[in-house]
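In what follows, a single structure is set out as structure tokens and then discussed.
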Amino acid sequence: MARYGRDRTEPRSLTVRPIDMRISVVTALAATAVLAGCGQQVADGSSSDPAARQWRDCTPAAFEGDAGLPLDVSTADGAVPVKLPTSGPCAGGLVALTPAGVVGTDVDDLDLDESTVQVVGLRGDGGPAALVRVDGERHPRGGFQPHLFTVAGGTVAEVTVDGGPLLPFVATDGGMAPMTATCDDGEVAVLSATVSEPPGIVLAWDVERTAYRIEGASAELVGSEQVRDHAADPVLRQEMPELFEPGSLFADC
């Protein structure tokens with residue numbers, strides 16, 4: 001008789017028993033539920049849960065607890081609070097608390113002055129409903145660089161033209177040509193004056209209006225037109241005083 005193991009008993013049947021697939025499916029579903037409850041991490045380091053989205057260490061809770069009152073910016077998603085914190089987890093960015101969580105942009109290198117934060121409402125159709133204007137710190141020789149930011153599409157970004165700020169540097173030392181900015185029909189318009197040629201006995205200015213439409217974070221040129229031709233300095237100061245006042249930027253917006 002042939003031997004079958006140490007106890008010399010016959011081997012058991014080699015019939016393979018099927019695995020109960022119901023147990024495997026239930027186990028897989030349970031694991032998936034655990035992962036979903038914890039919130040999966042996405043490429044930008046934020047949770048897949050929209051309410052938990054954050055910018056760097058700036059969570060929705062940190063945003064609401066940060067010092068400083070937010071400004072409400074009108075967007076396609078309604079009014080969105082925006083802050084420029086100088087301390088805490090949200091510092092170093094211009095941040096907004098949107099329905100998708102906290103979004104922001106790095107402004108460390110811009111040396112922004114938090115006291116200058118202003119909402120610029122754009123009247124008319126097209127583009128964002130509002131922008132955020134923040135000026136850079138005052139230059140030692142007098143002047144500042146204004147910056148415009150858009151809060152749209154779940155992002156915060158600086159509005160630029162040709163890779164730089166839309167608005168020119170504003171000199172306050174008396175050496176700047178007359179300039180201001182306004183908004184109308186969903187556009188941003190820059191009004192700038194240059195000395196008329198040929199020069200006359202009385203200083204005169206030519207004033208040009210250049211309009212831009214905001215598309216995402218870019219300022220798309222709409223067109224330019226001359227609105228004053230050879231206007232004598234005293235007359236222009238009376239008719240368009242905003243050109244000579246650095247604080248007049250977006251005064252009517």
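The values are calculated or read from the model by the stated rules, or taken from the named source; none is laboratory data. In this text the structure is predicted, and so the values were computed from the model without any measurement. Neighbour counts are summed over all protein chains in view; Cβ atoms, including those assigned to glycine, are modelled from backbone coordinates with ideal geometry.
Below, the figures for the structure above:
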{"quantity": "Scope region 58-73; condition surrounded by fewer than 19 Cβ atoms within 10 Å (Cβ to Cβ), under 16 Å from Val151 (Cα atoms) and either hydrophobic (A, V, I, L, M, F, W, C) or in contact with a His (Cβ under 7 Å, 6 or more places away or on another chain) (or both); matching residues", "calculated": "Leu71"}
{"quantity": "Matching residues in region 96-135 - criterion: being over 20 Å from Ile214 (Cβ atoms) and touching a strand residue (DSSP E or B) at 6+ places or on another chain (Cβ under 7 Å)", "calculated": "Leu97, Val102, Asp106, Asp111, Asp113"}
{"quantity": "Some residue of region 96-106 being over 16 Å from Gly78 (Cα atoms) and of a type in the set (A, V, I, L, M)", "calculated": "no"}
{"quantity": "Residue, surrounded by the most Cβ atoms within 10 Å (Cβ to Cβ), within region 181-218, restricted to residues that are in a strand (DSSP E or B) and of a type in the set (Val, Ile, Thr)", "calculated": "Val188"}
{"quantity": "Qualifying residue in region 155-173 (condition: touching a Leu at 6+ places or on another chain (Cβ under 6 Å) and of a type outside the set (A, V, I, L, M, F, W, C))", "calculated": "no"}
{"quantity": "Tabulated pairs, region 145-166, first farther than 12 Å from Val82 by Cα, second surrounded by 15 or more Cβ atoms within 10 Å (Cβ to Cβ) and among the basic types (Lys, Arg), C-beta under 9 angstrom, 6+ apart or interchain", "calculated": "Pro146/Arg133; His147/Arg133; Leu148/Arg133; Gly154/Arg53"}
{"quantity": "Matching strands (runs of 3 or more DSSP E) fully within region 75-128 where at least 2 residues are surrounded by fewer than 21 Cβ atoms within 10 Å (Cβ to Cβ) and more than 13 Å from the chain's Cα centre (by Cα)", "calculated": "78-83, 118-121"}
{"quantity": "Unique match (being of a type in the set (Val, Ile, Thr) and within 27 Å of Asp184 (Cβ to Cβ)) among Val117, Val95, Val103, Val107", "calculated": "Val117"}
{"quantity": "Scan of region 61-74 for residues that are outside any strand (DSSP E or B), of a type outside the set (Phe, Trp, Tyr), touching a strand residue (DSSP E or B) at 6+ places or on another chain (Cβ under 6 Å) and modelled with pLDDT of 85 or more, ordered by number", "calculated": "Pro70"}
{"quantity": "Filtered residue count, region 94-146, keeping only those that are of a type in the set (S, T, N, Q) and touching a Leu at 6+ places or on another chain (Cβ under 7 Å)", "calculated": "1"}
